[in-house]
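Below: one structure, written as structure tokens.
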Amino acid sequence: MADLTIQGQSMNQSDRREILVELERFGLLLVWMAIIALFAFLLPDIFLTWPNFSSMFGSQAVLVILTLGLIIPLTAGDMDVSVAQVLVLSSMMFAVLNVDHAWGVFPSLLAAVAGGVAVGLVNAFFILYFRIHSLIVTLGTGTFLHGITLWISDSRTISGIDQRVVDAVLTVRLFGISLSFYYAVAMCLLLTYLLGFTSVGRKILFVGKGRDVARLSGIAVDRVRLGCLVASAIIASLAGIVFAGTSGAADPNSGTSLLLPAFAAAYLGATTISPGRFNPIGTFIAVYALVTGISGLSLMGIDTYVQDLFYGGALVVAVALSQLVRGRQESLT
């Protein structure tokens, strides 16, 4: 009888643990649904409309793509704070070549992405060869890139980008949502497959968990980190092209504000779907959960400072939660 009681108690504890794990995995998604329900109740005629949601989905595509690129080096244990400046530089390179020098869309795009590759290689060189912390290196290169952007643009906004780019990003819509959203979805699915179902993804995760152990296991740690830094810069460059297409112009300062939201979404996304791990689907959910709250408050007439409050607060809370999740997982293993 006592054995049955103990067995029942252990089963109840196991069931509760499974429920808590599932709540942890889908907690942010539930919070997102709760935010939608709240503003649907408060603003039924404005918030709960397809034009509002289609606007939210399309407007955040650039941030989603940028953040997806950011989580690659984060997964490997490196921090790339130059991604926003890579985005701005790439959009400006594309605009300068396409508008001022009459280059075609494809050559301009290749040149912009090549610039991203160069930045990734430079970051990797200083981080891996000189063993300087990635935060210091990418902070310096980001500032340097901002200077280059101001130089090649003469500190001016360049408008008149090829209309085909604007059409492919913003004008053409599917189900009322601009195509940029679907590019972000495609990137999310691609990285989900790469990080979750390939040997390359497993190596990146292994390097992020412990470089010394990964090195002893035969993994070329520096090569993996180099690939992650270059991939991050390439994706940031692609985000820059999409960014230029959303307005048909390139501004040397407008994209720099995306850095904080990208980090907030990356760390908040690490608390859901695969808690304790940077993951693309969690990142995707985090971006739209945050923007849903911001959009709802803006529709209620609250000033624009709410965006800084949301993203700044979300970053602090997300980092704290991700540390708690990782600590709890390590105690269980």
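Within the listed set A84, A289, A102, the Gaussian network model of the chain (springs between alpha-carbon atoms below 10 Å) gives the highest mean-square fluctuation for A102. Per residue, the accessible area of region 29-323 comes to 44 Å² when a 1.4 Å probe rolls over the protein heavy atoms. The long axis of helix 199-209 is offset from the longest Cα principal axis of the chain by roughly 70 degrees. How many nm is it between the label spots at A320 and D222, if each spot is 7 Å from the Cα in line with the beta carbon? About 4.0 nm separates the two model spin labels. Computed from phi, the 3J(HN,Hα) profile of region 219-235 under the Karplus parametrisation 6.51, -1.76, 1.60 (θ = phi - 60°) reads 7, 6, 4, 5, 5, 5, 5, 4, x, 5, 5, 5, 4, 4, 5, 5, 5 Hz, with x in place of Gly and Pro. All Cα-Cα distances of region 35-139, cut into 10 Å bins from zero to the largest, leave 13, 30, 24, 20, 12, 1 percent in each bin in turn. Volume per residue for the chain equals 162 cubic angstrom (convex hull of Cα atoms).
Model label sites at A37 and W151, defined 7 Å from Cα along the beta-carbon direction, differ in position by 5.5 nm. If R0 is taken as 41 Å, the Cβ-Cβ distance between S159 and E18 corresponds to a FRET efficiency of 0.15. Within the listed set Q60, Q307, Q163, the Gaussian network model of the chain (springs between alpha-carbon atoms below 10 Å) gives the highest mean-square fluctuation for Q163.
Helical runs (DSSP H, four residues minimum) scored at -39500 (n - 2.57) apiece and divided by the length of the chain put the mean residue ellipticity at 222 nm at -25000 deg cm²/dmol. The relative contact order of region 29-323, computed from alpha carbon pairs under 8 Å that lie at least 6 residues apart in sequence, is 32 percent. On full extension, the segment bounded by V172 and S298 gains 42.7 nm, given 0.36 nm per residue less the C-alpha separation. Computing FRET efficiency as 1/(1 + (r/R0)^6) for F106 and A186, where r is the C-beta to C-beta distance and R0 is 22 Å, gives about 0.70. Per-peptide packing, taken as the mean over residues of other Cβ atoms within 10 Å, places 135-144, 72-81, 233-242 in the sequence 233-242, 72-81, 135-144 from highest down.
Rg ratio for region 192-235: its Cα radius of gyration over 2.2 N^0.38 Å, N being its residue count, equals 1.11. Along the chain, the exposed loop sites are trypsin sites (Lys or Arg not before Pro) outside DSSP states H, G, I, E and B with at most 16 other Cβ atoms within 10 Å, and the longest stretch free of them is 157-333. With respect to the chain, whose longest principal axis is taken over its alpha-carbon atoms, helix 280-299 is tilted by about 70°. With R₀ fixed at 45 Å, the C-beta to C-beta distance from T198 to D45 puts the FRET efficiency at about 0.45.
Rounded to whole numbers, the Karplus 3J(HN,Hα) couplings from phi for region 244-257 are 5, x, 5, 10, x, 8, 10, 10, x, 10, 5, x, 5, 6 Hz, using 6.51 cos²θ - 1.76 cosθ + 1.60 with θ = phi - 60°, and x at Gly and Pro. Chymotrypsin sites (Phe, Trp or Tyr not before Pro) within region 150-215: which are DSSP loop residues with at most 12 other Cβ atoms inside 10 Å? Loop-located and lightly packed - F175. Of the solvent-accessible surface of the chain, computed with a 1.4 Å probe over protein heavy atoms with every protein chain present, carbon and sulfur atoms account for 68 percent. Shown in residue order for region 28-36 are the 3J(HN,Hα) couplings computed by the Karplus curve 6.51 cos²θ - 1.76 cosθ + 1.60 at θ = phi - 60°: 5, 4, 5, 4, 4, 4, 5, 4, 4 Hz (x for Gly and Pro).
Residues whose amide H lies under 5 Å from that of S178, counting only those 5 or more places away or on a different chain, are G58; hydrogens are built 1.01 Å from N in the peptide plane.
The values are calculated or read from the model by the stated rules, or taken from the named source; none is laboratory data. As the structure is a prediction and not an experimental result, all values here were calculated from the model. We place every Cβ from the backbone using ideal geometry, glycine too, and count neighbours over all the protein chains shown. Protein only, heavy atoms only, side chains kept; ligands, DNA and RNA dropped before computing areas. Shrake-Rupley method; radii C 1.70, N 1.55, O 1.52, S 1.80 Å.
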